[in-house]
Amino acid sequence: MLFRGTTQTSCGQGQAAMGPFYCPADQKVYINLGFYEILKNRLGAPGEFAQAYVISHEVGHHVQNLLGISAKMDQMRGRVSRVEYNALSVRLELQADCFAGVWAHNADNSRHILEGGDVESAMNAAAKIGDDALQRASGGAVVPESFTHGTSAQRQRWFNAGLKNGGIRVCDTFSAKNL
(Lines give C-alpha, C1' and ligand atoms only; values in the text may rest on other atoms or scores of the structure.)
Protein backbone atom coordinates (compact mmCIF):
# COMPACT_ATOMS: atom_id res chain seq x y z
CA MET A 1 0.00 0.00 0.00
CA LEU A 2 1.34 3.40 -0.93
CA PHE A 3 0.87 6.28 1.49
CA ARG A 4 2.16 9.67 2.60
CA GLY A 5 2.22 10.86 6.18
CA THR A 6 0.30 8.28 8.20
CA THR A 7 -1.94 5.31 7.49
CA GLN A 8 -3.83 2.80 9.62
CA THR A 9 -2.57 -0.79 9.40
CA SER A 10 -3.36 -4.03 11.21
CA CYS A 11 0.01 -3.49 12.93
CA GLY A 12 -1.00 -0.06 14.24
CA GLN A 13 -0.45 3.42 12.87
CA GLY A 14 2.03 3.55 10.00
CA GLN A 15 4.02 6.78 10.08
CA ALA A 16 6.39 8.49 7.69
CA ALA A 17 9.25 8.22 10.19
CA MET A 18 9.00 4.43 10.02
CA GLY A 19 9.92 4.27 6.35
CA PRO A 20 8.73 1.30 4.30
CA PHE A 21 7.58 -1.70 6.31
CA TYR A 22 5.81 -5.04 6.12
CA CYS A 23 2.85 -5.78 8.40
CA PRO A 24 2.46 -9.52 9.00
CA ALA A 25 -1.01 -9.06 10.56
CA ASP A 26 -2.53 -8.00 7.23
CA GLN A 27 0.28 -9.36 5.01
CA LYS A 28 0.74 -6.01 3.28
CA VAL A 29 3.78 -3.97 2.35
CA TYR A 30 3.47 -0.28 3.22
CA ILE A 31 5.55 2.16 1.21
CA ASN A 32 5.69 5.75 2.37
CA LEU A 33 6.28 7.69 -0.82
CA GLY A 34 8.15 10.36 1.14
CA PHE A 35 10.84 7.76 1.85
CA TYR A 36 11.70 7.65 -1.86
CA GLU A 37 12.24 11.41 -1.80
CA ILE A 38 14.57 10.99 1.17
CA LEU A 39 16.34 8.09 -0.53
CA LYS A 40 16.93 10.19 -3.63
CA ASN A 41 17.51 13.69 -2.27
CA ARG A 42 19.04 13.23 1.20
CA LEU A 43 20.70 9.85 0.94
CA GLY A 44 21.85 10.06 -2.67
CA ALA A 45 20.23 6.86 -3.93
CA PRO A 46 18.02 7.81 -6.89
CA GLY A 47 16.55 5.51 -9.49
CA GLU A 48 13.62 3.26 -10.16
CA PHE A 49 15.60 0.15 -9.33
CA ALA A 50 16.66 1.60 -5.98
CA GLN A 51 12.92 1.85 -5.30
CA ALA A 52 12.36 -1.69 -6.59
CA TYR A 53 15.07 -2.92 -4.22
CA VAL A 54 13.23 -1.35 -1.28
CA ILE A 55 9.91 -2.89 -2.32
CA SER A 56 11.43 -6.32 -2.95
CA HIS A 57 13.17 -6.18 0.46
CA GLU A 58 9.78 -5.61 2.11
CA VAL A 59 8.24 -8.42 0.05
CA GLY A 60 11.15 -10.51 1.33
CA HIS A 61 9.69 -10.01 4.81
CA HIS A 62 6.39 -11.43 3.50
CA VAL A 63 8.29 -14.50 2.28
CA GLN A 64 9.86 -14.80 5.73
CA ASN A 65 6.39 -14.62 7.24
CA LEU A 66 5.10 -17.36 4.92
CA LEU A 67 8.11 -19.58 5.73
CA GLY A 68 7.64 -19.16 9.50
CA ILE A 69 10.93 -17.30 9.96
CA SER A 70 9.22 -14.18 11.30
CA ALA A 71 7.30 -16.23 13.88
CA LYS A 72 10.57 -17.72 15.14
CA MET A 73 11.97 -14.20 15.49
CA ASP A 74 8.88 -13.09 17.41
CA GLN A 75 9.39 -16.00 19.82
CA MET A 76 12.90 -14.72 20.58
CA ARG A 77 11.68 -11.28 21.62
CA GLY A 78 12.01 -10.99 25.38
CA ARG A 79 13.95 -14.27 25.64
CA VAL A 80 17.28 -12.78 24.67
CA SER A 81 19.02 -9.52 25.49
CA ARG A 82 18.48 -6.39 23.42
CA VAL A 83 21.94 -6.76 21.85
CA GLU A 84 21.27 -10.42 20.97
CA TYR A 85 17.86 -9.54 19.50
CA ASN A 86 19.42 -6.76 17.43
CA ALA A 87 21.95 -9.28 16.07
CA LEU A 88 19.08 -11.61 15.11
CA SER A 89 17.23 -8.68 13.55
CA VAL A 90 20.29 -7.96 11.40
CA ARG A 91 20.21 -11.55 10.14
CA LEU A 92 16.48 -11.23 9.38
CA GLU A 93 16.98 -7.98 7.48
CA LEU A 94 19.96 -9.29 5.53
CA GLN A 95 17.91 -12.32 4.55
CA ALA A 96 15.21 -9.98 3.22
CA ASP A 97 17.96 -8.22 1.20
CA CYS A 98 19.03 -11.59 -0.18
CA PHE A 99 15.41 -12.43 -1.07
CA ALA A 100 15.26 -9.07 -2.90
CA GLY A 101 18.27 -10.20 -4.94
CA VAL A 102 16.59 -13.54 -5.66
CA TRP A 103 13.56 -11.65 -6.97
CA ALA A 104 15.74 -9.44 -9.19
CA HIS A 105 17.56 -12.49 -10.58
CA ASN A 106 14.37 -14.36 -11.41
CA ALA A 107 12.46 -11.32 -12.69
CA ASP A 108 15.33 -10.56 -15.04
CA ASN A 109 15.57 -14.17 -16.21
CA SER A 110 11.87 -14.34 -17.00
CA ARG A 111 11.14 -10.78 -18.20
CA HIS A 112 14.55 -9.18 -18.85
CA ILE A 113 13.79 -6.21 -16.61
CA LEU A 114 17.32 -5.17 -15.71
CA GLU A 115 18.77 -2.27 -17.64
CA GLY A 116 22.22 -0.75 -17.48
CA GLY A 117 22.81 0.81 -14.09
CA ASP A 118 19.94 -0.98 -12.32
CA VAL A 119 22.09 -3.29 -10.22
CA GLU A 120 24.39 -0.40 -9.35
CA SER A 121 21.34 1.64 -8.32
CA ALA A 122 20.17 -1.11 -5.95
CA MET A 123 23.67 -1.60 -4.57
CA ASN A 124 23.98 2.14 -3.98
CA ALA A 125 20.64 2.16 -2.14
CA ALA A 126 21.78 -0.79 0.00
CA ALA A 127 24.95 1.15 0.83
CA LYS A 128 23.06 4.31 1.73
CA ILE A 129 20.65 2.57 4.10
CA GLY A 130 23.12 0.42 6.00
CA ASP A 131 23.03 1.05 9.74
CA ASP A 132 26.61 2.32 9.70
CA ALA A 133 25.93 4.78 6.88
CA LEU A 134 22.73 6.06 8.49
CA GLN A 135 24.44 6.54 11.86
CA ARG A 136 27.32 8.41 10.19
CA ALA A 137 24.89 10.56 8.17
CA SER A 138 23.00 11.55 11.32
CA GLY A 139 26.26 12.78 12.85
CA GLY A 140 26.28 10.18 15.57
CA ALA A 141 28.79 7.54 16.47
CA VAL A 142 28.65 4.17 14.73
CA VAL A 143 27.42 1.70 17.36
CA PRO A 144 27.39 -1.87 15.99
CA GLU A 145 25.46 -3.23 19.00
CA SER A 146 22.54 -1.00 18.00
CA PHE A 147 22.42 -2.21 14.39
CA THR A 148 19.10 -3.77 13.35
CA HIS A 149 19.53 -3.96 9.55
CA GLY A 150 23.23 -4.54 8.95
CA THR A 151 26.11 -2.53 7.57
CA SER A 152 26.17 -1.14 4.06
CA ALA A 153 28.67 -3.81 2.99
CA GLN A 154 26.54 -6.59 4.48
CA ARG A 155 23.38 -5.35 2.78
CA GLN A 156 25.17 -5.16 -0.55
CA ARG A 157 26.74 -8.59 -0.08
CA TRP A 158 23.46 -10.36 0.68
CA PHE A 159 21.51 -8.61 -2.08
CA ASN A 160 24.26 -9.60 -4.50
CA ALA A 161 24.27 -13.21 -3.23
CA GLY A 162 20.58 -13.56 -4.06
CA LEU A 163 21.02 -11.75 -7.36
CA LYS A 164 23.88 -13.99 -8.50
CA ASN A 165 22.40 -17.29 -7.27
CA GLY A 166 18.67 -16.83 -7.82
CA GLY A 167 17.65 -19.35 -5.15
CA ILE A 168 16.58 -18.83 -1.56
CA ARG A 169 18.90 -21.54 -0.19
CA VAL A 170 21.82 -19.11 -0.52
CA CYS A 171 19.93 -16.72 1.81
CA ASP A 172 20.40 -18.60 5.08
CA THR A 173 21.80 -15.68 7.05
CA PHE A 174 20.97 -17.40 10.33
CA SER A 175 23.53 -20.16 9.71
CA ALA A 176 26.14 -17.91 8.11
CA LYS A 177 29.33 -17.53 10.13
CA ASN A 178 30.26 -14.26 8.41
CA LEU A 179 27.62 -11.75 7.53
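The values are calculated or read from the model by the stated rules, or taken from the named source; none is laboratory data. Please read these numbers as outputs of a predicted model, since none were measured by experiment. Every residue, glycine as well, gets a Cβ built from its backbone with ideal geometry; the counts of neighbours run over all protein chains shown.
For the residues Gly162, Gly116, the requirement of being touching a His at 6+ places or on another chain (Cβ under 7 Å) and at pLDDT 95 or above singles out Gly162. Among residues of the range 131-159 that are without any contact (Cβ under 8 Å) to a residue 12 or more places away in the chain, none has a Cβ under 7 angstrom from a residue that is of a type in the set (Ser, Thr, Tyr) at a sequence gap of 6+ or on a separate chain. Close Cβ contacts (under 7 Å, 6 or more residues apart or on different chains) running from residues in the range 99-110 that are in a helix (DSSP H, G or I) to residues that are modelled with pLDDT under 95 and surrounded by 14 or more Cβ atoms within 10 Å (Cβ to Cβ) are absent. Being closer than 20 Å to Tyr22 by Cα, β-branched (Val, Ile, Thr) and part of a loop (DSSP other than H, G, I, E, B), is that true of even one residue in the range 137-147? The answer is no; no qualifying residue exists. For first residues located in the range 19-30 and under 14 Å from Leu66 (Cβ atoms), partners that are among the aliphatic types (A, V, I, L, M) and assigned to a loop (DSSP other than H, G, I, E, B) and lie 6+ apart or on another chain with Cβ distances below 8 Å form the pairs Lys28/Met1; Val29/Met1. Each residue in the range 86-118 was checked for being farther than 24 Å from Thr173 by Cα and among the charged types (D, E, K, R), and 3 of them qualify. Looking across Asn86, Asn65, one residue alone is touching a helix residue (DSSP H, G or I) at 6+ places or on another chain (Cβ under 9 Å), surrounded by 12 or more Cβ atoms within 10 Å (Cβ to Cβ), over 19 Å from Gln27 (Cβ atoms) and among the polar types (S, T, N, Q). It is Asn86.
Among the residues of the range 160-175, those that are in a loop (DSSP other than H, G, I, E, B) and in contact (Cβ under 8 Å) with a residue 40 or more places away in the chain comprise Gly166, Gly167, Asp172, Thr173, Phe174.
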